[in-house]
1. Could you grab me the full set of residues in region 82-100 that are under 21 Å from residue 69 (Cα atoms) and either charged (D, E, K, R) or surrounded by fewer than 16 Cβ atoms within 10 Å (Cβ to Cβ) (or both)?
2. Could you check how many residues of region 124-150 are within 20 Å of residue 36 (Cβ to Cβ) and either outside any helix (DSSP H, G or I) or over 12 Å from the mean Cα position of the chain (by Cα) (or both)?
3. Spot the failing condition for residue 39; the list is (1) of a type outside the set (Ser, Thr, Tyr); (2) surrounded by fewer than 13 Cβ atoms within 10 Å (Cβ to Cβ); (3) over 14 Å from the mean Cα position of the chain (by Cα), and only one is missed.
4. Out of all the residues in region 169-199, which are open to solvent by less than 20 Å² (accessible area, probe 1.4 Å), β-branched (Val, Ile, Thr) and in contact with a strand residue (DSSP E or B) (Cβ under 9 Å, 6 or more places away or on another chain)?
5. Of everything in region 105-156, what is of a type in the set (Val, Ile, Thr) and open to solvent by 60 Å² or more (accessible area, probe 1.4 Å)? Give them in sequence order.
6. If you go through region 188-220, how many residues are in a loop (DSSP other than H, G, I, E, B), at pLDDT 95 or above and out of contact with any helix residue (DSSP H, G or I) (no Cβ under 9 Å at 6 or more places or on another chain)?
7. Among (1) closer than 17 Å to residue 112 by Cβ; (2) open to solvent by 50 Å² or more (accessible area, probe 1.4 Å); (3) of a type in the set (Val, Ile, Thr), where does residue 77 come up short?
8. Out of everything in region 59-74 that is open to solvent by less than 10 Å² (accessible area, probe 1.4 Å) and within 16 Å of the chain's Cα centre (by Cα), what residue ends up being nearest to residue 179 (Cα to Cα)?
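The values are calculated or read from the model by the stated rules, or taken from the named source; none is laboratory data. This structure is a prediction, so every number in the text was calculated from the model and none was measured. Every residue, glycine among them, receives a Cβ derived from its backbone with ideal geometry; neighbour counts consider all protein chains shown. What goes into the accessible areas is simple: the full protein's heavy atoms, side chains included, and nothing from ligands, DNA or RNA. Shrake-Rupley method; radii C 1.70, N 1.55, O 1.52, S 1.80 Å.
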Amino acid sequence: MAGEHHMLQPPDREAALAQYRRRAGVYDLELATFEPLRLAAIAELGLRPGQTVVDVGCGTGLSFGLLEAGVGPGGAIVGIEQAPEMMAQATERVTRMGWHNVGLHGAPMEGYVRAPGAALADAALLHFTHDILRRPSAIDAVLAQLRTGARVVAAGLKWADGPWTWPLDLFVGAAALHSVTSMEGLDAPWSVLAERVTGLRVQTMLFGTLFIASAVTCAPGPGAPRRAPATRPPPAAPRRVRGR
């Protein structure tokens, strides 16, 4: 019971650093099974040549190739990752591939500082970043880097929907135990984001155990709380699309 209670507490940064220190060497192999989710999530960003995209919790840089294909050499990728061991692999990947438009930043999302004069980004990806999605301060920091009307896409694990789902939830729980530090909010990992954007749309895959949540930013400027303008009606409840 004590361990169960612990996993419902807010995310723990020190525990996350230890977790990804252990996983760094096998991380790419572990996530290979979920590549279809990555492909679908990045497609949802609708990237265009010349745009800037923020890869939040970029890990070893597994998404960089697809993001590069979207923004092209005239665009930019901002990779933010707090775990040094993961950042080292991302750096090696960027050097090996000769990507000169990727900027890497070793910091938690709340600690990232945009370069003076740098433009706000056009899109943000949060792929398998449950702990970040559950921290309001981290989501506010993400949205502070984005222009109004930017696309935000989050993807990852969730508890399965409907009755008699315990076999599926065994899979989710086993995967989550070594990839998150808190299972709080695993029924709707996007809920913090939903409070800060408009038109959030949720799609599910693999019998409801995986999700893609996509939305458009609506806040007035960097650093401000991201809420729908008072002159607009409140955003509708997230619409779930089953079986993408």
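1. Hits for region 82-100 are 92, 93, 95, 96, 97, 98, 100.
2. Qualifying residue count, region 124-150: 5.
3. (3)
4. Those that are open to solvent by less than 20 Å² (accessible area, probe 1.4 Å), β-branched (Val, Ile, Thr) and in contact with a strand residue (DSSP E or B) (Cβ under 9 Å, 6 or more places away or on another chain): 172, 180, 197.
5. Of everything in region 105-156, those that are of a type in the set (Val, Ile, Thr) and open to solvent by 60 Å² or more (accessible area, probe 1.4 Å) turn out to be 113, 148.
6. Going through region 188-220 one residue at a time, the tally reaches 0.
7. (2)
8. 59
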